[in-house]
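Right, one structure below, let's go through it.
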Amino acid sequence: MFTPEYNAVASVQPDGNASFPLVGVKIAGLTLDEAAAAIRKKGNQHLNAPDVAVLLKEYVKPFFAAAGEVARPGRIDLRGRVSLVEAVALPGGVKDSARRTQVVLLRRASANTAQVRIHDVRKSISPGGLREDISIQSGEMPVVPRNSLSKVEPNIKPIDVGLYSAAPRFL
């Protein structure tokens, strides 16, 4: 006998759990069949052999966001493994004004906090540094800061080279 009052549409929360009538189940990272089996197992505690079908209604594609001194800052779909070096190359690479020795990687630790790590991307692209290149995870943000010279450069007045174009004359 079917009991439609137990039918439900649920969203997977950031902690990986989904709530259904009578049960809550952690289903993040599971296939649809594995999620159905987990819900059925929990449901067996309250119902006699529940019939469970799981359909994927929508999902958020994995992504990362590149910011700072990259050619095209913004959100980039994460397809497969992407290293930090690739994460700053995919948005068009770094600008001349970039500080390659201090790329900041922001990784969400909780709803209110982030883990901040500084990486030397210049070292990572050297032959011995490839082992130090790390993988980007969904939701992370590499931020490429400006270098010191680019912060000073707007305040420097250009020299009129026309005054110095003639060769010096000695009398």
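The values are calculated or read from the model by the stated rules, or taken from the named source; none is laboratory data. Since this is a predicted model, take the numbers as computed values, not measurements. Because the Cβ atoms are built from the backbone with ideal geometry, glycine has one as well, and the counts that use them run over all protein chains shown. With ligands, DNA and RNA removed, areas are computed over all heavy atoms of the protein, side chains included. Shrake-Rupley method; radii C 1.70, N 1.55, O 1.52, S 1.80 Å.
Please work out if LEU90 is touching a helix residue (DSSP H, G or I) at 6+ places or on another chain (Cβ under 7 Å) and either surrounded by 14 or more Cβ atoms within 10 Å (Cβ to Cβ) or of a type in the set (A, V, I, L, M) (or both). Answer is no for this residue. Scan the range 42-63 and tell me whether some residue there is small (Gly, Ala, Ser), out of contact with any Phe, Trp or Tyr (no Cβ under 9 Å at 6 or more places or on another chain) and part of a strand (DSSP E or B). Taking every residue of the range 42-63 in turn, none turns out to be small (Gly, Ala, Ser), out of contact with any Phe, Trp or Tyr (no Cβ under 9 Å at 6 or more places or on another chain) and part of a strand (DSSP E or B).
Of everything in the range 31-67, what is of a type in the set (Asp, Glu) and touching a residue at least 40 places away in the same chain (Cβ under 8 Å)? Give them in sequence order. Result: ASP51, single match. Counting only residues that are surrounded by 13 or more Cβ atoms within 10 Å (Cβ to Cβ) and of a type in the set (D, E, K, R), the range 27-46 holds 3 of them.
So, restricting to strands (runs of 3 or more DSSP E) that lie completely within the range 65-141, which ones have at least 3 residues that are closer than 23 Å to ASP15 by Cβ and under 16 Å from the mean Cα position of the chain (by Cα)?
Working: elements: 74-77, 103-108, 114-119.
Fully inside the range 65-141 and qualifying: 103-108, 114-119.
Taking the range 11-26 as the range and being open to solvent by less than 80 Å² (accessible area, probe 1.4 Å), farther than 14 Å from GLY43 by Cβ and part of a strand (DSSP E or B) as the test, only ASN17 passes.
GLU132 meets all of the listed conditions (1) over 19 Å from ARG81 (Cα atoms); (2) open to solvent by 50 Å² or more (accessible area, probe 1.4 Å); (3) at pLDDT below 85 but one, namely (1).
Cβ-Cβ distances below 6 Å connect the following pairs, each with a first residue in the range 82-96 that is under 10 Å from GLU69 (Cβ atoms) and modelled with pLDDT under 90, a second residue that is of a type outside the set (S, T, N, Q) and assigned to a strand (DSSP E or B), and a separation of six or more residues or different chains: VAL94/VAL70; VAL94/VAL144.
Against the test of being out of contact with any Leu (no Cβ under 9 Å at 6 or more places or on another chain), at pLDDT below 85 and surrounded by 11 or more Cβ atoms within 10 Å (Cβ to Cβ), the options ALA49, ALA8 yield a single qualifying residue, ALA8.
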